[in-house]
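S.K.: One structure, pasted below without further comment.
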Amino acid sequence: MQLPYTYRVTKYDPADRDDHGHYTGAEDSVSDHGVQEAAYLGAVEAFAAEAGIDRLSVREPQIPSFGLGALLPAGLDGLDSLHDGAEVPLAVGLELTRLMLRESGVWCRLEREGAFAVHVGWDQYLYVGSDRPVDKALARTRALGLFPERLEASPYDMEIDDEGMARPGDDAFWATVSWAVAIGRAGLLEEAYVEGATRWHCLTHRTVDEVRSRIAPRARLAVWPGLSSDTAAVLDGLPEDGLVEGVWQDEDGLIHSAVVDETEFQQLADLMSGAEAAALLSVYADDRVPLFTAVMPDGDGVIRARWRTDPAPGDRTYAFLRTLRRGEVISGTVAHVADFGVTFVDIGGNDESDGNAIVADSPGFKAIINIPELSWRHLDHPSEAVSVGQQIRAEILDVDITRERVSLSLKALHEDPMPQLRALIGRTVVGPVTKIVPFGVFVRIEERADGFEGLVHHSELEEAPSDGPRPGIEVGDTLRVKILDVDPTRRRITLSEREAAPEA
């Protein structure tokens with residue numbers, strides 16, 4: 001957030017700088033907890049007054065991992081109140097500025113969107129920005145013995161990483177969480193509610209809604225597989241050295257975590273050995289890969305938190321699925337043909353265009369085609385229509401982001417041939433019996449292996465028995481039948497042997 005009137009405010013006299021701009025004077029680079037510190041706060045107050053600011057928003061707060069409780073000023077009701085977007089009175093903003101000047105471990109940006117900002121840097125460098133001229137504040141700052149210098153922008157303006165994920169923790173996200181828990185894929189939620197502070201939550205089908213209700217505003221979320229009840233096996237996975245995070249659940253159901261190196265592995269093992277369940281997670285970015293992540297939106301559904309989560313496999317799948325629409329045509333490669341009638345199609349790994357078709361760019365994602373969607377005609381096995389490695393184009397029938405499932409149709413790209421058979425109504429044809437059922441027989445009426453079949457009800461057989469096909473009819477026999485009706489909507493063809501024209 002760049003503001004047109006941005007100043008660096010310091011206690012360092014510009015005259016005491018070398019040719020490289022480095023300060024060479026005698027001022028200490030830490031707060032004096034006294035007159036100079038009060039001068040900095042007075043300058044911020046003067047800038048805020050001239051800008052008409054009496055409240056500030058806390059942005060991207062950070063705290064030390066060892067805790068903050070004793071450092072919080074009055075007015076912030078513990079850690080839970082220090083979250084991104086928390087709006088505080090100017091007086092509380094000044095107290096936070098004081099803590100940052102003292103390098104107490106607390107850090108945040110204090111801003112009023114598009115109008116005002118206070119950023120505290122290292123070594124007593126303060127940056128104040130306004131959307132309007134602040135001549136009176138500048139005069140007041142100089143009178144306090146500080147030195148304001150005009151800048152184009154604060155070096156602490158937020159830079160958003162467009163490469164990161166910003167999936168909203170909305171209803172759709174929590175539906176995905178519930179589904180992942182239900183199928184045993186997920187069981188643990190990591191909530192980073194402030195930079196440097198994390199809470200862990202055990203997820204079951206009974207607790208998902210309750211956990212959601214307790215998530216801090218704008219928190220970053222990561223969903224992980226559940227803890228293992230075999231804590232001995234978990235501890236056997238401790239590396240020889242390096243950093244790891246241990247997460248464990250005690251007998252009261254509380255979740256604990258600790259980041260340790262090899263010097264504390266034994267202490268961690270002692271803590272986790274009596275746990276009900278546990279897990280070890282890497283703290284290194286390349287190895288720390290949750291199932292999927294999200295950032296909590298505001299009440300209106302908009303993500304205003306500017307931090308991002310590192311993309312997880314589920315995030316890339318989510319982003320990809322959001323690009324797909326029902327009715328669109330997509331290209332892919334047949335990856336597997338299952339005997340139970342489902343064809344799996346890899347619709348990832350390519351970003352080239354294919355005429356009017358969409359070609360996916362999410363390597364490894366498998367869409368499915370159920371056997372009825374392979375052809376308008378009857379198939380006994382998908383291999384009659386497709387083969388592994390075959391390049392195909394298909395229409396998207398459905399995109400289920402919650403279950404990470406995409407359904408395709410090959411037949412949707414082709415005209416249904418059955419309506420053309422309506423021209424045959426009233427004609428007599430000869431065809432083989434393909435199936436015998438209690439209520440009649442099926443006869444193929446087209447001269448092709450996958451030709452359409454019609455039903456001759458037992459009452460329409462030439463020698464009609466009272467309760468089924470006449471004795472002696474077998475699969476493969478030929479019957480002379482008349483086509484009584486063709487119903488493309490119900491996929492039914494009605495035949496009669498009794499009404500068939502006699503052979504010439």
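S.K.: Within region 18-59, can you find the residues that are of a type in the set (Val, Ile, Thr) and assigned to a loop (DSSP other than H, G, I, E, B)?
M.R.: Of everything in region 18-59, those that are of a type in the set (Val, Ile, Thr) and assigned to a loop (DSSP other than H, G, I, E, B) turn out to be Thr24, Val30, Ile53.
S.K.: Scan region 224-239 and give yes if some residue there is closer than 20 Å to Phe292 by Cα, in contact with a helix residue (DSSP H, G or I) (Cβ under 9 Å, 6 or more places away or on another chain), open to solvent by less than 20 Å² (accessible area, probe 1.4 Å) and hydrophobic (A, V, I, L, M, F, W, C), otherwise no.
M.R.: Checking region 224-239: not a single residue is closer than 20 Å to Phe292 by Cα, in contact with a helix residue (DSSP H, G or I) (Cβ under 9 Å, 6 or more places away or on another chain), open to solvent by less than 20 Å² (accessible area, probe 1.4 Å) and hydrophobic (A, V, I, L, M, F, W, C).
S.K.: Does region 404-451 hold any residues that are free of Cβ contacts under 8 Å to residues at least 24 places away in the same chain and of a type in the set (S, T, N, Q), and which are they?
M.R.: If the condition is that a residue be free of Cβ contacts under 8 Å to residues at least 24 places away in the same chain and of a type in the set (S, T, N, Q), then Gln420 is the only one that fits.
S.K.: Further question: Does region 21-37 hold any residues that are among the small types (Gly, Ala, Ser) and either in contact with a Lys or Arg (Cβ under 9 Å, 6 or more places away or on another chain) or open to solvent by 60 Å² or more (accessible area, probe 1.4 Å) (or both), and which are they? Don't jump to the end; show me each part of the working.
M.R.: Step one: of region 21-37, the residues among the small types (Gly, Ala, Ser) are 21, 25-26, 29, 31, 34.
Residues satisfying the conditions are Gly25, Ala26, Ser31.
S.K.: In addition: Determine whether Ser466 is hydroxyl-bearing (Ser, Thr, Tyr) and either outside any loop (DSSP other than H, G, I, E, B) or modelled with pLDDT of 95 or more (or both).
M.R.: In short, no.
S.K.: When you go through (1) open to solvent by 20 Å² or more (accessible area, probe 1.4 Å); (2) in contact with a Leu (Cβ under 8 Å, 6 or more places away or on another chain) one by one for Met158, which number turns out not to apply?
M.R.: Condition not satisfied by Met158: (2).
S.K.: Just to verify a result, which residue in region 92-108, among those that are in contact with a Lys or Arg (Cβ under 9 Å, 6 or more places away or on another chain) and crowded, with 23+ Cβ neighbours inside 10 Å, is nearest to Ser29 (Cα to Cα)?
M.R.: Cys108
S.K.: Next question, about the same structure. I'd like the residue in region 377-405 that is within 13 Å of Ser331 (Cα to Cα) and open to solvent by less than 40 Å² (accessible area, probe 1.4 Å) and, out of all such residues, is farthest from the chain's Cα centre (by Cα).
M.R.: The residue in question is Ile392.
S.K.: Pick from region 440-462 the residues that are in a loop (DSSP other than H, G, I, E, B) and surrounded by 12 or more Cβ atoms within 10 Å (Cβ to Cβ): which of them is modelled with the lowest pLDDT?
M.R.: Narrowing region 440-462 to residues in a loop (DSSP other than H, G, I, E, B): 445-452, 461-462.
Filter once more, keeping what is surrounded by 12 or more Cβ atoms within 10 Å (Cβ to Cβ): 445-446, 450-452, 461-462.
Details: Ile445: 95, Glu446: 93, Asp450: 88, Gly451: 93, Phe452: 95, Leu461: 90, Glu462: 82.
Checking each candidate, the answer is Glu462.
S.K.: Oh, and also: Checking the conditions here, which among Arg140, Arg167, Arg132 is touching a helix residue (DSSP H, G or I) at 6+ places or on another chain (Cβ under 7 Å), surrounded by 14 or more Cβ atoms within 10 Å (Cβ to Cβ) and under 19 Å from Ala46 (Cα atoms)?
M.R.: Criteria check complete, one pass: Arg140.
S.K.: Within region 201-220, can you find the residues that are touching a residue at least 24 places away in the same chain (Cβ under 8 Å), farther than 15 Å from Leu82 by Cα and surrounded by 14 or more Cβ atoms within 10 Å (Cβ to Cβ)?
M.R.: Across region 201-220, the qualifying residues are His201, Cys202, Leu203, Val208, Arg212.
S.K.: Could you say whether any residue in region 173-190 is without any contact (Cβ under 8 Å) to a residue 40 or more places away in the chain, open to solvent by less than 30 Å² (accessible area, probe 1.4 Å) and touching a Leu at 6+ places or on another chain (Cβ under 6 Å)?
M.R.: Yes, region 173-190 contains a residue that is without any contact (Cβ under 8 Å) to a residue 40 or more places away in the chain, open to solvent by less than 30 Å² (accessible area, probe 1.4 Å) and touching a Leu at 6+ places or on another chain (Cβ under 6 Å).
S.K.: Same structure again: Of the residues Arg167, Arg132, which single one is at pLDDT below 95 and not small (Gly, Ala, Ser)? It would help to see each step written out before you state the result.
M.R.: Values: Arg132 fails: at pLDDT below 95.
That would be Arg167, the only listed residue that is at pLDDT below 95 and not small (Gly, Ala, Ser).
Table: residues versus (1) more than 43 Å from the chain's Cα centre (by Cα); (2) surrounded by 12 or more Cβ atoms within 10 Å (Cβ to Cβ); (3) at pLDDT 95 or above; (4) β-branched (Val, Ile, Thr).
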residue: Leu3; (1), (2), (3), (4): no, yes, yes, no
residue: Thr10; (1), (2), (3), (4): yes, yes, yes, yes
residue: Ala15; (1), (2), (3), (4): yes, no, no, no
residue: Asp19; (1), (2), (3), (4): yes, no, no, no
residue: Ala39; (1), (2), (3), (4): yes, yes, yes, no
residue: Ala51; (1), (2), (3), (4): no, yes, yes, no
residue: Ala74; (1), (2), (3), (4): no, no, no, no
residue: Ala86; (1), (2), (3), (4): no, yes, no, no
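The values are calculated or read from the model by the stated rules, or taken from the named source; none is laboratory data. What you see is a predicted model, and the numbers here were worked out from it, not measured in a lab. Glycine also receives a Cβ, built like all others from the backbone with ideal geometry; neighbour counts cover every protein chain displayed. Note: areas computed on protein heavy atoms with side chains; ligands, DNA, RNA excluded. Shrake-Rupley method; radii C 1.70, N 1.55, O 1.52, S 1.80 Å.
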